[in-house]
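Encoded as C-alpha cells, the structure appears first; notes follow it.
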Amino acid sequence: MNDPLVARMRAFGTTIFAEMSALALRTGSINLGQGFPDTDGPPAMLERAIEAVRGGANQYPPGPGVPELRQAVSEHRKEHYGLAYDPDGEVLVTVGATEAIAASVLALCEPGDEVIAFEPYYDSYAASVALAGAVLRPVTLRPDGGRFTFDPAELRAAVTSRTRAILVNSPHNPTGTVFTRAELEEIADVCTGHDLTAITDEVYEHLAFDGVEHIPPATLPGMRERTVMISSAGKTFSVTGWKTGWICAPAPLVRAVQTVKQFLTFTSSAPWQLAVAYGLRHELGWVSTLRAELEAKRDRLMSGLAAAGFDVYRPAGTYFVQTDIRPLGFTDGLALTRELPVLAGVVAIPTQVFYAHPERGRHFVRFAFCKRDEVIDEAVARLARLGEGTGRTG
Ligand SMILES: *Cc1c(COP(=O)(O)O)cnc(C)c1O
C-alpha cells in the first residue's frame, strides 16, 4: 500500500526520541536522551492539581484559558520582565509550548511563506512549518569561543521577500546557548527592518545558569508589538507531562493564534491550568532551588563527559550538554548513538536530527542532565569505558 501520509509530512516519521527511548528500554540503558526530569515538581502544586480534580474543575474551561492562569501569567511577565499583557485578550493558554508553536505558525504563515529558525532546532519547528505549507530557512549556530552562536550576516542573508516570521529559542535547546543582548539586538534589527513576526520559545526562561540573564526578545525596542512570546510549565516546574503552555502577544496576534488553536484542541485541561496558576504565584522559590540543582548536575555531567574523552560545550541554560565526539575517534553521531547502548549502556540524542542539513551537526551528540545525581554518576562511569574500547590513546 502507498504511504497514506500526506507528502509534506513524510520526512517526519518516528521522532528520534521515540526511537532512542525504545532503545533504552530494550537494552536496559540509562536514558540521557529525552529531556524530562526523573523527579517531581513542587508538592504543593501537585496537591493543587488533585484538589482541582476533587473540587470539580473537570469540564471544558474557557477557550483562552482559565482566568486564574491568564492573570498569573500576566503578573509574572510584569514582575520578571516589566512586560504588560492584558490577561483578557493578550494571553492565551495552550496545550504545552508545542501547540503554541504549531498554532502560531499555522495562524501566521501562508503556504509558501518563509520562516527563519536557528539550527539545530527543536524538532517540532520544522514539522509545524511543513504543516503550514511554509518553508523553513535555517541559520546555523556554530561553536565560537566555547558557545554556539550565529553569524549576523548569515541571518540577514536568510531574509527574502517571502520571509514572514522568525522562530527564536533562548535558552536554546539543544546547544544551551542563552542569547546575549547584542545577539538579540541583531535579531530585533532584522525583525523591525523587514516587518517580521518573532515567535519566541522561552520554555527554559527560568533555567539559565551562572547568573546569565534570560532576556525576552519582546523587551527590546520595537519588538513587543511583533512578538508571540511562548512559554510553558513543563520545564519550569518539572511537570513535562502536564502540557500546559501559553502565549503572550498583542491582541490581534493572540486572536489569530486562538482562531487556529480553537480547532486543534479548543482548550487545555482545567486542573493543570489551576495548578500552574498556583505554581507561578507561589513556587518560584522552588524553581530557584531547581535551577541551582540543575547547574550542579550540568557540572557533574560535563566533567564526566570530558573525562570520558568528549569535547564538551558549557551550556548557559536548559537541560542539555552538547558534545563533539571526534576526539573519541567517532565521526557520525547517529551511528554512535545507535551503538552507544551496546558500547556503554547509555542513550543520547544525535544532534544532527535537529538540522535542515544533518551533515552540519554530524559530529555532535546531546546528553540530558535533568536526572538524579546517581543516574548521572552511573552513566558517566559507563561512558568512561568508551575511550578504552576504541583504541583511543592518551
Ligand atoms: C520541551 C520543549 C518544548 C515543548 O514544551 P511543551 O510545553 O512540553 O509542549 C518546546 N520547545 C523547546 C525548546 C523545548 O525544549
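Quick notes on this structure:
- Full extension of the chain between L343 and H357 yields a length gain of 2.3 nm, computed as 0.36 nm times the residue separation minus the alpha carbon distance.
- Long-range amide H partners of T149 with built H, under 5 Å: R142, D144
- Alpha-carbon gyration tensor eigenvalues x 5, square-rooted, for the stretch 189-234, Å: 22, 13, 7
- Most fluctuating residue given options V212, V159, V239, as computed from a GNM of the chain linking Cα atoms under 10 Å: V212
- Accessible area (Å², 1.4 Å probe, nearest 10) - S269: 60 Å²
- Helix 96-108 axis, angle to the chain major axis (alpha carbon atoms, nearest 10°): 60 degrees
- FRET efficiency for the pair F266 and R385, taken as 1/(1 + (r/R0)^6) with r the Cβ-Cβ distance and R0 = 35 Å, rounds to 0.10.
- Residues R326 and T27, FRET efficiency given R0 of 25 Å [Cβ-Cβ distance, rounded to 0.05]: 0.50
- The label-point distance for T39 and E374, in a model that sets each label 7 Å from Cα toward Cβ, rounds to 1.3 nm.
- Among the lysines of the chain, pairs at least eight places apart or on separate chains and with Cα atoms under 18 Å apart come to 5.
- Spin-label model, R54/L284: points 7 Å from Cα along the beta carbon direction are separated by 2.9 nm.
- Each of R10 and A292 was given a label point 7 Å from its Cα along the Cα-to-Cβ line. The distance between the two points is 5.5 nm.
- 0 to 90° range, to nearest 10: angle between helix 16-27 axis and the chain longest Cα axis: 50 degrees
- Across all Cα atoms of the stretch 58-282, the radius of gyration (one decimal) and Dmax (whole number) stand at 16.4, 52 Å.
- Average accessible surface area per residue within the stretch 210-316, 1.4 Å rolling probe, Å²: 38 Å²
- Per-bin percent of Cα-Cα distances, the stretch 327-389 [10 Å]: 21, 51, 25, 3
- Of the residues D377, D144, D332, D113, ranked by 1.4 Å probe accessible area with the largest first, the sequence reads D144, D377, D332, D113.
- Once all protein chains are placed together, R48 keeps about 70 Å² accessible to a 1.4 angstrom probe.
- For the chain, taking the reciprocal of the average inverse distance between every pair of different Cα atoms yields a Kirkwood hydrodynamic radius of 21.6 Å.
The values are calculated or read from the model by the stated rules, or taken from the named source; none is laboratory data. Computed from a prediction, not measured in an experiment: that's the story for all the values here. Glycine also receives a Cβ, built like all others from the backbone with ideal geometry; neighbour counts cover every protein chain displayed. When the accessible area is computed, the model is the full protein with side chains, heavy atoms only, and any ligands, DNA or RNA have been set aside. Shrake-Rupley method; radii C 1.70, N 1.55, O 1.52, S 1.80 Å.
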